[in-house]
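Enquirer: Before we start, here is the structure in question, set down as structure tokens.
The values are calculated or read from the model by the stated rules, or taken from the named source; none is laboratory data. Keep in mind that what you see is a predicted model, and the values were worked out from it rather than measured. Note that each Cβ is placed from the backbone with ideal geometry, even for glycine, and that neighbours are counted across all protein chains shown. Surface areas here come from the heavy atoms of the whole protein model, side chains and all, with no ligands, DNA or RNA. Shrake-Rupley method; radii C 1.70, N 1.55, O 1.52, S 1.80 Å.
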Amino acid sequence: RSTHNEMEKNRRAQLRLCLERLKGLVPLGAAAGRHTTLSLLTRARLHIQKLEDQERRALHQIEQLQREQRHLQRQLEKLGMERVRIDSVGSSLSSERSESDQGES
């Protein structure tokens, strides 16, 4: 019987320690006085749900930004190809001009 009592005492001490740690992690708001185990666990559950919602929103925003980045990258590549094409047309024209300039001399 005394062994059982000692084990129960240790279990309760461990539970108190865990609840104190939880109390330090969970924002308790204005009513930061003495909380029941139930109220602390309820607040912890609500806090976890809030964090999960924030994580979902952040992941959604990351996906949107990645899509936008890919779109802008494609636009940049198109502009780069157009610039190469324009530069090659421009260099053809300038080489034709320089040849005609040499012919006039």
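Enquirer: Measuring from label point to label point, each 7 Å out along Cα→Cβ, what is the Arg45 to Ser88 span in nm?
Expert: 6.7
Enquirer: Quick one: accessible surface of Asp87, probe radius 1.4 Å, all protein chains present, in square angstrom to the nearest 10.
Expert: Asp87 exposes around 80 Å² with every protein chain in place.
Enquirer: For the stretch 1-58, count the residues as N, evaluate 2.2 N^0.38 Å, and divide the Cα radius of gyration by that value, please.
Expert: 1.50
Enquirer: Among the lysines, which have Cα under 25 Å from the Cα of Lys9 when same-chain residues fewer than 8 positions away are ignored?
Expert: Lys23
Enquirer: If Lys and Arg each add +1 and Asp and Glu each add -1, what is the summed charge of the other residues whose beta carbon sits under 11 Å from the beta carbon of Arg43?
Expert: +3
Enquirer: So, one more: What length, rounded to one decimal in nm, is gained on full extension from Arg16 through to Met81, with 0.36 nm per residue of separation minus their alpha-carbon distance?
Expert: Here the answer is 16.7 nm.
Enquirer: Determine the gain in length on full extension of the stretch Glu55-His71; use 0.36 nm per residue of separation and subtract their C-alpha separation, reporting nm with one decimal.
Expert: Taking 0.36 nm per residue and subtracting the Cα distance, the gain is 3.3 nm.
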